[in-house]
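Read the structure below first, then the notes.
The values are calculated or read from the model by the stated rules, or taken from the named source; none is laboratory data. These numbers were taken from a predicted model, which means no experiment stands behind them. Cβ coordinates were reconstructed from backbone atoms using ideal geometry, including for glycine residues, and neighbour counts include every protein chain displayed. Accessible surface areas use protein heavy atoms only, side chains included; no ligands, DNA or RNA. Shrake-Rupley method; radii C 1.70, N 1.55, O 1.52, S 1.80 Å.
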Amino acid sequence: MSSVLIIEDDAAIRQGLARFLADAGHDVQSQSAGMAGVQQAAEGGFDVVVLDLGLPDIDGGQVLKMIRSVSQIPVIVATARDDETEIVRVLSDGADDYVVKPF
C-alpha cells in the first residue's frame, strides 16, 4: 500500500488517523511539529502527506510551501479552518486537497 506522513500536533487525532491508515494496510509515520515534518517529507519515500495547518512551531501553510519547494508529493490539508479565503489560498499554494475537521 501507500506510505503516508501525517503532520498533526493533536496527539489524539494523529494517533487515531495513523491507526486507521495502518489498519487499512498503509505504512504510516507521523510528526507533531511542522519543521520536523518538512525534514521528514524532504527525505522522501512518502506517497502522500496529511497536513494540519495549526502546528505549534510554524503555520501549516508555511510547511506546505517548504514541502513544495523540494517535492511535488501530494499534500492533503486536514484542518479545522473552514474560511473560504483560507481554503483558496492553501489550494493556490499547492495543496492537492483540503478537508475540514471533523471528518
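Okay, here's what the table says:
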{"read-out": "Distant-in-sequence amide H partners of Ile6 (H built 1.01 Å from N, under 5 Å)", "value": "Gln29, Ser30, Gln31, Val50"}
{"read-out": "Cα centroid separation, the stretch 57-103 to the stretch 24-42 (Å)", "value": "15"}
{"read-out": "Solvent accessible area, Å² - Ser71, 1.4 Å probe, full protein context", "value": "30"}
{"read-out": "Answer label for mean projected area of the Cα convex hull in nm² (calculated), chosen among (1) 5.7; (2) 6.1; (3) 6.5", "value": "(1)"}
{"read-out": "Around Met1: net Lys/Arg minus Asp/Glu count, Cβ-Cβ under 10 Å", "value": "-2"}
{"read-out": "Kyte-Doolittle mean at least 0.0, axial Cα span of 15 Å or more - DSSP H helices of the chain", "value": "11-23, 60-70"}
